[in-house]
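Below: the structure, in structure tokens.
The values are calculated or read from the model by the stated rules, or taken from the named source; none is laboratory data. Because the structure is predicted, anything quoted here is derived from the model rather than measured. Cβ sites come from the backbone with ideal geometry, for glycine too, and all protein chains shown count toward neighbours.
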Protein chains: 2
Amino acid sequence: MTKNPNQYFSKTLEKGLSVLSLFGREHPSRSLTEISILTGINKTSTYRLVNTLVQLGYLRKSVNDKSLRLGPKAFLMGHECFHGFDIYQGIKPIIDKTFFEHHISIDSALIDGFKLISLYRREMPNLVSFHLPLIMDELYARAMGKIILANLAKADLDQYFSILKPVKLTPDTLVDLDEIKADIQETKTRGYSINNKEYIPGIISIGAPMMNYQTRTVAGAVSLDFPAREYSLAAIERQYIAILLKLASEASELITTAGI
Amino acid sequence: MTKNPNQYFSKTLEKGLSVLSLFGREHPSRSLTEISILTGINKTSTYRLVNTLVQLGYLRKSVNDKSLRLGPKAFLMGHECFHGFDIYQGIKPIIDKTFFEHHISIDSALIDGFKLISLYRREMPNLVSFHLPLIMDELYARAMGKIILANLAKADLDQYFSILKPVKLTPDTLVDLDEIKADIQETKTRGYSINNKEYIPGIISIGAPMMNYQTRTVAGAVSLDFPAREYSLAAIERQYIAILLKLASEASELITTAGI
DNA sequence: AATGTTTGTTACTATTATAGTAATTTAATG
DNA sequence: CATTAAATTACTATAATAGTAACAAACATT
């Protein structure tokens, strides 16, 4: 055991990255004080970090109003980090193949903390196109979230429920804690998860886990999404479970190899 | 003037980012010592930075061989930095419009130091599909590079030539310094640049600058690329210069507004 | 299995970088 | 022009990092 584990953790780097990750599609421009407040870093230190990022080209500063935006270096690094992520490169052909074979909408995500990180997605035109965020909190209301919860260690699951504040996203969203717990229990025995219009009205999804077979832990999930107009839940379960599980097992192989 | 400007630059953050940017499509996996050598940071500090990145989820460490790969957080940040880059979002519709109107291959890039950073690209099927790197050094051999050089301040251009070591990429690449200088001079008076099979055999390109009209500096360039089989240089100059310049002026408006 | 070799991890400080307060400048607003 | 807010700089105590060197673990070779 290390005597002082903190010695091998760079707080400055953590802060610098927390500054950089405040920028994105939703927030293309921010001010120094805004950054200082959001990160909780005092103004001078924020200034130092921002200044560094500007000098390195990760941010750029407007000459007029001093507002900050992403710079070319961030774009470049973004490209590399996105396309250089092996799991993304690995899951793409797997999902594409299933998509072209069966003509269904497919989604995939990794779990990070108790958040879903959207990985790769293919959508059929019959699905009301909805713009999903990259990070999602609502594990309890999504097929991918439910199957992940069902595969979590008991301690983790308990912790999740201890902090969970369910929100009624659609008329069908489960918000009663006991109901949600029962649903997860059922999901566990079933082996796949069902989201019956609980996240987005009119959309039914089924989900299966991406498992690391080596460590026997969940790393993420895949889901198949259907418009409720055209598909009944019964029909979906009859026709698509096998496809879902096959997809999930291929994804799990990938995860296991990659060691997520 | 600041007394000690270094006070407002975080070396730790710089190092941390230099570690992270060693990863990408070409280098999905690296070892600690490799990182230490490539960055020039001593092993203990590298260990600290890597450890930090692992703990934050930007990197992940293989349990078997301790090799390092990009983690979910890097993927996430990559996505945000890529799609949150306003210039990218701005240039896309401009290039798409021209692409669909005239059915020609179009490329765009920003300049960073003396390197081209690939921005957005649309390709016709008649062009031999070549996989371009994200960063390119060969300004002297590309249409986008030439027009950028032609618009550089004299001091910068001199510096560029003082370090330039031209490489014969195709039979038509100019490698004689004086010839290259003359070509840049000609480009300057012409107002657009010509790359006559100098970068890739069989491909002719014309380029125009993306100017910041406010600061009167070049921020990047756009180019139109043609297969030499189907188009003669004369035909291209007759038909496509107006289109190129219109495209470049639209892009310049964007750049000026964005303040690059 | 024992050996040497490489790579990764930890202990230990001197040195340096950063945090934080407060003052100052610059810009924005009425 | 006055007022307020935001950004930048000066200054220094404190905490974080760099760097050396020792140690452990993994790997290859004999």
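Tabulated values for the structure
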item: Residues within segment B:180-203 that are in contact with a strand residue (DSSP E or B) (Cβ under 7 Å, 6 or more places away or on another chain) and either outside the structural domain of B:Glu250 (by TED's automatic domain parsing) or surrounded by 24 or more Cβ atoms within 10 Å (Cβ to Cβ) (or both), tallied; result: 2
item: Lone unmet requirement of (1) within 15 Å of DNA strand D (Cβ to nearest atom); (2) closer than 21 Å to A:Glu14 by Cα for B:Gly24; result: (1)
item: Any hit, segment B:68-84, residues being within 11 Å of DNA strand C (Cβ to nearest atom) and touching a helix residue (DSSP H, G or I) at 6+ places or on another chain (Cβ under 7 Å); result: yes
item: Contacts under 6 angstrom Cβ, first residue in segment A:31-53 being more than 17 Å from A:Arg69 (Cβ to Cβ), partner among the aromatic types (Phe, Trp, Tyr) and near DNA strand C (Cβ under 10 Å from one of its atoms), 6 or more apart; result: A:Arg48/B:Tyr8
item: Hits in segment A:20-46 - residues which are surrounded by fewer than 18 Cβ atoms within 10 Å (Cβ to Cβ), in a helix (DSSP H, G or I) and either within 8 Å of chain B (Cβ to nearest Cβ) or near DNA strand C (Cβ under 9 Å from one of its atoms) (or both); result: A:Lys43, A:Thr44, A:Ser45
item: Selected residue (criterion: modelled with the lowest pLDDT) from residues of segment A:203-243 that are hydroxyl-bearing (Ser, Thr, Tyr) and under 22 Å from the mean Cα position of the chain (by Cα); result: A:Thr215
item: Any hit, segment A:58-69, residues being touching a strand residue (DSSP E or B) at 6+ places or on another chain (Cβ under 8 Å), assigned to a loop (DSSP other than H, G, I, E, B), outside the structural domain of A:Ser249 (by TED's automatic domain parsing) and crowded, with 23+ Cβ neighbours inside 10 Å; result: yes
item: Check on B:Asn51, assigned to a helix (DSSP H, G or I), at negative phi, within 11 Å of DNA strand D (Cβ to nearest atom) and crowded, with 17+ Cβ neighbours inside 10 Å; result: yes
item: Exclusive hit being more than 10 Å from DNA strand C (Cβ to nearest atom) and either facing chain B (nearest Cβ under 9 Å) or farther than 13 Å from B:Gly16 by Cα (or both), set A:Leu49, A:Leu17, A:Leu13; result: A:Leu17
item: Among the candidates B:Ala219, B:Ala228, residue that is among the hydrophobic types (A, V, I, L, M, F, W, C), crowded, with 18+ Cβ neighbours inside 10 Å and in the same structural domain as B:Ser105 (by TED's automatic domain parsing); result: B:Ala219
item: Close pairs from segment B:58-85: first over 15 Å from A:Thr256 (Cα atoms), partner in a loop (DSSP other than H, G, I, E, B) and within 16 Å of DNA strand D (Cβ to nearest atom), Cβ under 6 Å, at least 6 apart; result: B:Ser67/B:Ser31; B:Lys73/B:Tyr58; B:Ala74/B:Tyr58; B:Gly84/A:Phe23; B:Gly84/A:Pro28
item: Strands (runs of 3 or more DSSP E) lying entirely in segment B:165-260 (those with 3 or more residues that are in contact with a Lys or Arg (Cβ under 7 Å, 6 or more places away or on another chain)); result: B:203-212
item: The lone exception for A:Ser18 - which of (1) of a type outside the set (A, V, I, L, M); (2) away from DNA strand D (no atom under 16 Å from the Cβ); (3) under 21 Å from the mean Cα position of the chain (by Cα) it fails; result: (2)
item: Hey, B:Val128 part of a loop (DSSP other than H, G, I, E, B), β-branched (Val, Ile, Thr) and away from DNA strand C (no atom under 16 Å from the Cβ) or not; result: yes
